[in-house]
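J.: Can you read through this structure? Questions will come right after.
The values are calculated or read from the model by the stated rules, or taken from the named source; none is laboratory data. As the structure is a computational prediction, the values presented were derived from the model and not from experiment. In this analysis, Cβ positions are derived from the backbone assuming ideal geometry, glycine residues included, and neighbour counts consider all displayed protein chains. Heavy atoms of the whole protein, side chains included, go into the accessibility calculation; ligands, DNA and RNA do not. Shrake-Rupley method; radii C 1.70, N 1.55, O 1.52, S 1.80 Å.
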Amino acid sequence: MAKIICIDPGHGGVYPTGDPGAMANGFREAELVLPPSLFLRNALRRSGVSVVMTREKDALPLPSRKSLGEDLAYRARIANNAKAALFVSWHMDAGATADPHGIAVWIHPSQKGKALATKAARISASVAAATGLKDRGVCYGDFQVLRDTAMDAVLIECGFITNPGDVQCMAKEVSQRKSAEAVAREICTILGANYVPESSAPFLDPEAAKLSIALYGSITQTSIEEITVACNYAANALRRAVGLEITTDLGKPTKAAADIIIRASGTMWEGARTNQLRKCFNVAADSLREALSFE
Ligand SMILES: [Zn+2]
């Protein structure tokens with residue numbers, strides 16, 4: 001069974017309905033941890049890893065929560081219900097003064113000296129190297145999300161919101177992307193998955209990708225099983241390229257079916273009205289050609 005990662009962007013929203021997390025230097029922790037979490041989601045899906053998120057908007061996952069404890073228990077439950085292999089909570093630290101700075105990865109004290117400590121150290125070092133921020137390494141804390149989760153769990157404190165240098169860095173999209181890619185690379189190593197860097201994935205317009213996925217889907221409605229498998233394969237290549245969730249993986253197509261869908265892609269390419277759409281049909285057809293070349 002494919003491994004699932006649960007990503008938990010800390011906090012969410014604004015007072016009084018939400019929880020902004022730490023606030024300093026004109027930023028809320030809740031808003032700064034969401035983009036890198038979403039970039040991490042995209043990077044993992046691009047690499048063929050399944051992801052569940054505790055939140056994807058700047059709001060609490062459980063708006064009706066009565067307490068912080070209930071909010072954190074709900075996040076852990078999402079990971080437990082998904083039977084995730086790893087829980088990754090993304091936060092920023094806050095210091096009593098502006099001085100403390102750098103990246104740390106927190107794990108539960110019960111994991112001291114265990115394999116997870118080594119993995120956490122690698123994640124911290126990797127994010128520090130990617131962002132240029134200081135590597136504070138592994139820290140231990142009896143945090144509720146680390147305690148309530150049934151699987152390996154790490155909490156990334158991705159810099160200090162109270163430190164001007166850290167916050168300037170982490171407010172930039174380029175740093176958010178770099179830190180997310182660094183974590184994705186380490187997670188892929190942990191899972192034995194093949195990390196696919198962003199540069200080697202073709203940039204596709206998400207709307208064009210959705211339209212072409214729907215077109216491949218419409219072919220399957222009137223087709224035999226073999227064709228459905230080939231269409232699913234092509235559509236999943238597009239889903240991976242734009243970071244959409246893969247809900248059904250029917251496996252590799254037969255040569256005969258792949259050939260038919262490669263030809264159909266060519267026909268759709270000719271009829272496409274935009275370059276963006278043509279690019280999508282190219283990516284889909286290439287994925288089928290690649291599937292055949294592995295045989
Ligand atoms: Zn936090």
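J.: Let me know the shape class of the stretch 177-226, please: from the alpha-carbon gyration tensor, a ≥ b ≥ c as square roots of the eigenvalues, rounded when a/c is under 1.5, otherwise prolate if a/b is greater than b/c, or oblate.
T.: It comes out oblate by the Cα gyration axes.
J.: Report the Cα centroid-to-centroid distance between the stretch 72-106 and the stretch 148-196 in angstrom, as an integer.
T.: 10 Å
J.: Could I ask something else about it? What is the gain in length, in nm to one decimal, between T267 and D99 on full extension, counting 0.36 nm per residue of separation less the C-alpha to C-alpha distance?
T.: So the extension gain works out to 54.4 nm.
J.: Label the chain by shape, choosing from rounded, prolate and oblate, from the square roots a ≥ b ≥ c of the eigenvalues of the Cα gyration tensor; if a/c is under 1.5 it is rounded, and otherwise prolate applies when a/b is larger than b/c, oblate when it is not.
T.: prolate
J.: At 1.4 Å probe radius, can you tell me the per residue accessible area of the chain in Å²?
T.: Normalised by residue count, the accessible surface of the chain is 46 Å².
J.: How much of the DSSP bridge set in the chain is antiparallel, in percent, rounded to the nearest 5?
T.: Looking only at bridges with both residues in the chain, the antiparallel portion is about 25 percent.
J.: Continuing with the same structure: If you average the alpha carbon positions of the stretch 225-295 and of the stretch 8-55, how far apart do those two centres end up, in angstrom?
T.: The stretch 225-295 and the stretch 8-55 have Cα centres separated by 32 Å.
J.: Report the Stokes-Einstein translational diffusion coefficient (µm² s⁻¹, integer) for the stretch 1-112, Rh taken as the Kirkwood radius over Cα pairs, at 25 °C with viscosity 0.890 mPa s.
T.: Estimated diffusion coefficient is 163 µm²/s.
J.: Also, quick follow-up: Which aspartates and glutamates, on any chain, are close to K114 with Cα under 15 Å apart, when same-chain ones fewer than 8 places away are left out?
T.: Here the aspartates and glutamates satisfying the reach criterion relative to K114 are D152.
J.: Which residues' amide hydrogens lie under 5 Å from the amide hydrogen of T162, considering only partners 5 or more residues apart or on another chain, with H built in the peptide plane?
T.: Amide H to amide H, under 5 Å and 5 or more residues apart or across chains, T162 pairs with G95.
J.: Name the long-range amide H neighbours of A84: under 5 Å, sequence gap of 5 or more, or other chain; modelled H, no Pro or chain starts.
T.: Amide H to amide H, under 5 Å and 5 or more residues apart or across chains, A84 pairs with nothing.
J.: To make sure I understand the rule: partners must be aspartates and glutamates, Cα under 14 Å from the Cα of K252, and not fewer than 8 residues away in the same chain. Which ones qualify?
T.: Output for K252: E225, E226, D286, E290, E295.
J.: While we're here: What's the FRET efficiency of A117 with S293 using the Cβ-Cβ distance as r and R₀ = 35 Å, to the nearest 0.05?
T.: 0.30
J.: Can you give the helix-only mean residue ellipticity at 222 nm for the chain, where every DSSP H stretch with n ≥ 4 adds -39500 (n - 2.57) and the sum goes over all residues, rounded to the nearest 500 deg cm²/dmol? Walk me through the intermediate numbers first.
T.: On the way: 10 runs with 149 residues, N = 295.
Calculated at 222 nm, the ellipticity per residue is -16500 deg cm²/dmol.
J.: Which ³J(HN,Hα) values in Hz, rounded to whole numbers, follow from the phi angles of the stretch 206-223 under the Karplus curve 6.51 cos²θ - 1.76 cosθ + 1.60, where θ = phi - 60° and Gly and Pro get x?
T.: Computed from phi, the couplings for the stretch 206-223 are x, 5, 5, 4, 4, 5, 5, 4, 5, 5, 5, x, 5, 5, 5, 5, 10, 10 Hz.
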